[in-house]
Amino acid sequence: MRLHNYIDGQWVEPQLGRYEPDIDPANGEVVAEVPQSDAKDTQRAIQAAKKAFETWRKVPAPKRGEMLFRVGELMKAQKEDLAQAMTREMGKVVTEARGDVQEGIDMAFYMAGEGRRSFGYTTPSELPDKFAMATRDPIGVAGIITPWNFPMAIPTWKIFPALVCGNTVVFKPASETPVLAYRLVKILEEAGIPSGVVNLVFGSGTDVGEVILNDPDVALISFTGSNETGRHVAATAGQHLKRVSLELGGKNAIIVLDDADLELAVEGILWSAFGTTGQRCTACSRLIVQKGVYPELRDRLATRIRSLTLGHGLETATDVGPLITKKALDKVHRYVVLGQREGAQLVVGGHAAVTPSLHGHFYEPTLFANVTPEMTIAQEEIFGPVLSMIQVEDLDEAVRVNNQVVYGLSSSIFTQDVNRVFQAIRDLATGIVYINAGTTGAEIHLPFGGTRGTGNGHREAGTAALDFFSEWKAVYVDFSGRLQRAQIDT
Ligand code: NAD
């Protein structure tokens with residue numbers, strides 16, 4: 001299948017006519033051919049979005065919402081097909097791929113409803129015969145730059161609130177997951193989105209992304225990806241005073257206290273650490289364990305990890321799929337070697353998985369024990385199936401260790417003690433906190449995002465998303481028929 005860019009309501013070839021293969025990471029098969037666009041393609045898309053903004057911003061928000069409702073219905077009808085395409089393109093097990101698509105469906109219906117809410121507020125004026133209100137305004141062209149690990153959920157989290165708020169979109173998906181981006185924009189087209197309101201440009205960060213960051217006609221950038229790219233995005237877009245939202249990396253921890261339900265904790269840990277092969281921003285990569293249960297938890301986990309089945313995500317027996325690329329696999333292995341060199345104890349895994357039936361980028365689910373909080377494997381984002389166990393004396397130490405990394409996305413605690421639950425909720429310095437559940441599982445109507453190095457303070461999802469994609473406008477209506485001066489005429 002050869003994909004095309006979508007610019008001003010037309011499916012078009014990249015002007016240089018260059019394409020690259022999109023590869024199934026589990027078996028190396030070519031899934032699609034992807035346009036390699038350049039600055040000209042990108043500028044055409046930006047200009048189309050700029051032109052469309054003038055009409056789209058005036059479409060009543062409930063009508064914009066109705067369009068998203070149709071998008072949700074179409075996604076629902078295609079859910080299984082989209083999930084299978086996702087597994088083929090980026091490797092996650094199909095059950096998880098279904099969840100990824102479901103997040104998009106949920107977001108479509110939620111944001112469709114915002115078309116009839118998007119509340120502002122009224123407030124009394126300090127002067128007589130004067131009315132005061134605050135309303136939300138659309139902003140302009142939104143540059144949407146996304147990673148490959150949630151190829152449906154993340155684009156929908158950005159594009160749907162952008163649209164319901166009245167903005168137009170230039171969407172640059174990750175090079176590794178073009179098919180899902182293409183399918184999403186096909187659905188938007190089928191739902192009746194007017195020409196130019198959503199534009200899709202495939203290509204690299206340097207050829208397409210940079211143009212979006214630097215073009216003065218792009219008013220806001222919503223970016224999800226690595227800290228390294230995020231820093232560059234913020235610095236570049238900052239030069240142009242663009243509004244920028246960054247959702248970056250994580251080094252998320254699960255805390256297990258002595259009184260925890262260990263069976264439940266083991267399930268939560270396995271799902272959080274090895275789901276999506278550890279390639280979630282909210283993946284658990286640190287396990288902070290009170291000393292009384294440390295040996296038992298280590299042994300239980302080791303047994304369960306050894307029994308996980310690696311394979312193609314479309315096979316029903318598969319628990320863990322491949323890593324996205326050979327480069328990602330090499331990075332994971334470098335961290336594993338470093339962990340051993342720094343003195344951590346390798347309990348399970350630690351190698352690329354080589355079995356005759358697997359030709360993809362598979363890595364054995366890996367468990368390290370005797371990890372100290374300062375070790376590199378306990379500090380840096382590995383983005384693979386590697387879990388590091390750290391022993392602590394009590395909750396205070398657990399919280400200190402949890403907060404001792406540059407990231408602040410998600411954290412979790414397993415305990416039966418309500419007092420310690422509320423202490424943890426107060427003291428864990430992350431944007432998301434789970435009690436008696438793993439570090440993943442965000443629902444789309446709550447704010448999503450992290451503190452400190454995980455971003456720049458914005459939140460996605462829920463009504464928080466509207467705050468990023470709209471501008472507040474304060475309106476004063478004086479019906480007194482005379483000049484009234486605030487602060488002066490008392
Ligand atoms: P990445 O930073 O390599 O790429 C993200 C996007 O940025 C891609 O579309 C890429 O093409 C683009 N890009 C690269 N260079 C660019 C440039 N110079 N200008 C503009 N765009 C550019 O990240 P990735 O490997 O795709 O994704 C993995 C990372 O994403 C991990 O760090 C993970 O934690 C993070 N992530 C965070 C969240 C969150 O919500 N906090 C969610 C998912 C993933």
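Looking only at residues that are open to solvent by less than 50 Å² (accessible area, probe 1.4 Å) and part of a loop (DSSP other than H, G, I, E, B) in segment 442-452, which one is farthest from LEU387 (Cα to Cα)? Spell out the reasoning first.
Taking segment 442-452 and keeping what is open to solvent by less than 50 Å² (accessible area, probe 1.4 Å), we get 442, 444, 448-451.
Add one more test, that the residue is part of a loop (DSSP other than H, G, I, E, B), and what stays is 442, 444, 449-450.
Working: ALA442: 21, ILE444: 27, GLY449: 22, GLY450: 21 Å.
Filtering segment 442-452 for residues that are open to solvent by less than 50 Å² (accessible area, probe 1.4 Å) and part of a loop (DSSP other than H, G, I, E, B), the one farthest from LEU387 (Cα to Cα) comes out as ILE444.
Which residues, taken from segment 23-43, are of a type in the set (D, E, K, R) and at pLDDT 95 or above? It would help to see each step written out before you state the result.
First, the residues of segment 23-43 that are of a type in the set (D, E, K, R): 24, 29, 33, 38, 40-41.
Those that are of a type in the set (D, E, K, R) and at pLDDT 95 or above: GLU33, ASP38, LYS40, ASP41.
Go through segment 183-210 and report how many residues are within 11 Å of the ligand (Cβ to nearest atom) and in contact with a Gly (Cβ under 9 Å, 6 or more places away or on another chain).
3
What is the one condition in (1) in a strand (DSSP E or B); (2) within 11 Å of the ligand (Cβ to nearest atom); (3) touching a Phe, Trp or Tyr at 6+ places or on another chain (Cβ under 8 Å) that VAL244 does not satisfy?
(2)
Looking at segment 329-343, I want the residues that are of a type in the set (Phe, Trp, Tyr) and have a partner that is part of a helix (DSSP H, G or I) with Cβ atoms under 9 Å, at least 6 apart or on another chain. Which pairs are those?
Pairs found: TYR335/THR376; TYR335/ILE377.
Do we have ALA108 as modelled with pLDDT of 95 or more and buried (at least 22 other Cβ atoms within 10 Å of the Cβ) here?
On the way: modelled with pLDDT of 95 or more: yes; buried (at least 22 other Cβ atoms within 10 Å of the Cβ): yes.
In short, yes.
Let me confirm something: among PRO60, PRO35, PRO21, which residue is outside the structural domain of HIS312 (by TED's automatic domain parsing) and open to solvent by less than 70 Å² (accessible area, probe 1.4 Å)?
On the way: PRO60 fails: open to solvent by less than 70 Å² (accessible area, probe 1.4 Å); PRO21 fails: open to solvent by less than 70 Å² (accessible area, probe 1.4 Å).
Step by step, each of PRO60, PRO35, PRO21 is checked, and only PRO35 is outside the structural domain of HIS312 (by TED's automatic domain parsing) and open to solvent by less than 70 Å² (accessible area, probe 1.4 Å).
Given the conditions (1) open to solvent by less than 10 Å² (accessible area, probe 1.4 Å); (2) within 16 Å of the ligand (Cβ to nearest atom), which single one is not true for GLY140?
Looking at each condition in turn, GLY140 falls short on (2).
Quick one: in segment 227-239, of everything that is closer than 15 Å to GLY249 by Cα and without any contact (Cβ under 8 Å) to a residue 60 or more places away in the chain, which residue is nearest to the ligand (Cβ to nearest atom)?
Applying the first criterion (closer than 15 Å to GLY249 by Cα) to segment 227-239 yields 227-234.
In the following step, the residues that additionally are without any contact (Cβ under 8 Å) to a residue 60 or more places away in the chain were identified as 228-229, 231-232.
Values: GLU228: 6, THR229: 3, ARG231: 10, HIS232: 5 Å.
The qualifying residue nearest to the ligand (Cβ to nearest atom) is THR229.
Go through the residues of segment 67-75 one by one and say whether even a single one is without any contact (Cβ under 8 Å) to a residue 60 or more places away in the chain, in a helix (DSSP H, G or I) and open to solvent by less than 30 Å² (accessible area, probe 1.4 Å).
yes
Criterion first (closer than 29 Å to ALA424 by Cα and in contact with a helix residue (DSSP H, G or I) (Cβ under 6 Å, 6 or more places away or on another chain)) does VAL320 satisfy it? Let's see the steps before the verdict.
Details: closer than 29 Å to ALA424 by Cα: no; in contact with a helix residue (DSSP H, G or I) (Cβ under 6 Å, 6 or more places away or on another chain): yes.
It is false that VAL320 is closer than 29 Å to ALA424 by Cα and in contact with a helix residue (DSSP H, G or I) (Cβ under 6 Å, 6 or more places away or on another chain).
Does PHE479 meet the test of being over 30 Å from HIS361 (Cα atoms), buried (at least 23 other Cβ atoms within 10 Å of the Cβ) and either in contact with a Gly (Cβ under 9 Å, 6 or more places away or on another chain) or not acidic (Asp, Glu) (or both)?
Values: over 30 Å from HIS361 (Cα atoms): yes; buried (at least 23 other Cβ atoms within 10 Å of the Cβ): no; either in contact with a Gly (Cβ under 9 Å, 6 or more places away or on another chain) or not acidic (Asp, Glu) (or both): yes.
When the stated conditions are applied, PHE479 does not pass them.
The values are calculated or read from the model by the stated rules, or taken from the named source; none is laboratory data. If you're wondering where the values come from, they're calculated on a predicted model, not measured in any experiment. Positions of Cβ are backbone-derived with ideal geometry, glycine not excepted, and every protein chain shown enters the neighbour counts. Accessible surface areas use protein heavy atoms only, side chains included; no ligands, DNA or RNA. Shrake-Rupley method; radii C 1.70, N 1.55, O 1.52, S 1.80 Å.
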